[in-house]
1. Compute the Cα gyration tensor for the chain, then decide on rounded, prolate or oblate, letting a ≥ b ≥ c be the square roots of its eigenvalues: rounded whenever a/c is under 1.5, prolate when a/b is larger than b/c in the other cases, and oblate in all that remain.
2. Which net charge results for the neighbourhood of N184, defined as the other residues with beta-carbon distances under 12 angstrom from its beta-carbon, given Lys and Arg at +1 and Asp and Glu at -1?
3. Pulled fully out, how much extra length does the chain show between V88 and R143, if you take 0.36 nm times their separation in residues and subtract their Cα-Cα distance?
4. With unit charges on the beta carbon (Lys/Arg positive, Asp/Glu negative), name the residue among Q235, V193, V83 whose Cα is farthest towards the positive pole of the charge dipole of the chain.
5. Taking only C-alpha pairs under 8 Å that are 6+ residues apart, what is the relative contact order of segment 149-229 in percent?
6. Along segment 223-236, what does the Karplus equation 6.51 cos²θ - 1.76 cosθ + 1.60 (θ = phi - 60°) give for ³J(HN,Hα), rounded to whole Hz, x for Gly and Pro?
7. Can you give the charge dipole size of the chain about its Cα centre, rounded to the nearest 20 debye, using +1 on the beta carbon of Lys and Arg and -1 on the beta carbon of Asp and Glu?
8. Counting chymotrypsin sites (Phe, Trp or Tyr not before Pro) as exposed when in a DSSP loop with at most 14 other beta carbons within 10 Å, what is the longest stretch of the chain free of them?
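The numbers here are math on the coordinates, done by the rules we state, and not lab data. Every value quoted in this text rests on a predicted model; they were computed, and no experiment measured them. Counting neighbours? That spans all protein chains shown, and the Cβs are built from the backbone with ideal geometry, glycine included.
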Amino acid sequence: MLCSLFSFAVIHLKHHAMENLPVFIPIIFASITAFVTWMLYKATSNSKVVVLALIWLGGQGILGVTDFYTVTYTLPPRMLLLVLPPLVLIAVLFVTRQGRVFIDSLHTGFLTLLHLARIPVELVLFWLFVHGNVPELMTFEGRNLDILAGLSAPIIYYFGFLRHRFPASVIIGWNIICLGLLVNIVIHGILSVPTPFQQFGFEQPNTALLYFPFIWLPGYIVPVVLFSHLATIRQMLYHKLNVAGRGVHESVNYL
């Protein structure tokens, strides 16, 4: 289903506001989404999580190809339907006992490797800027330093989870800093969308994230990245481990 949806979307983009966008950009972005889903599966070892993710991606993809999110002047904003459900799910996981048990079973090493996706995401954002679909401030040439999280993730994984050289305080600190980088680009991205609340990017607004497949960035990839940080911080803080691996009960050294 997702493959058919993606093929239709590529044709769809060629006939709309992003008609000059090279086809390799949405293809790479779809690959990033697949990588994030694979890392999420490795961290959970639960196929039900993947099924839920695919249902969400498919449903949002259908809305995306119908240009549902390109209508930006409604109240409440239609984008809430894209970003609010994942945030509510994250909140439920943290406030319920069963949710916390699930969080504490996660493989935080794989959650760390998941942040590698932030490197190609930043490249995609730069290409979107070059083709006039996002403002410069959303790229590493502007106010977005999120690529540093992706570049440093292998270091944290190797010395924190494989070699066990980094104590929990270092891993917690890294997650907090990278969480700040994520919040920074999310705020600038939201305030660059052409809505009544727009504050940035008036010359070249953030329109790409209103179209499929790029709606998956605010509606899926960003929430998963956010959850990965929060879940890792909880494991480190709540259980006071020096290292984390597969959940809070053991440390593992494999990929």
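1. Working: a/c = 1.87, a/b = 1.66, b/c = 1.13.
Prolate, since a/c reaches 1.5 and a/b exceeds b/c.
2. On the way: positive: R143; negative: D146.
With Lys, Arg at +1 and Asp, Glu at -1, the neighbours total 0.
3. Working: separation 55, 0.36 × 55 = 19.80 nm, distance 2.79 nm.
Net length gain for the segment: 17.0 nm.
4. Highest projection toward the positive end goes to Q235.
5. Details: 44 pairs, mean separation 15.6, N = 81.
Relative contact order comes out at 19 percent.
6. So the Karplus estimates, Gly and Pro as x, are x, 5, 4, 4, 4, 4, 5, 5, 5, 5, 4, 4, 4, 5 Hz.
7. Details: 13 positive and 9 negative charges, 184 e Å.
Its charge dipole is roughly 880 debye.
8. Numbers: sites that count: Y73, F197, F202, Y254.
Here the longest run is 74-196.
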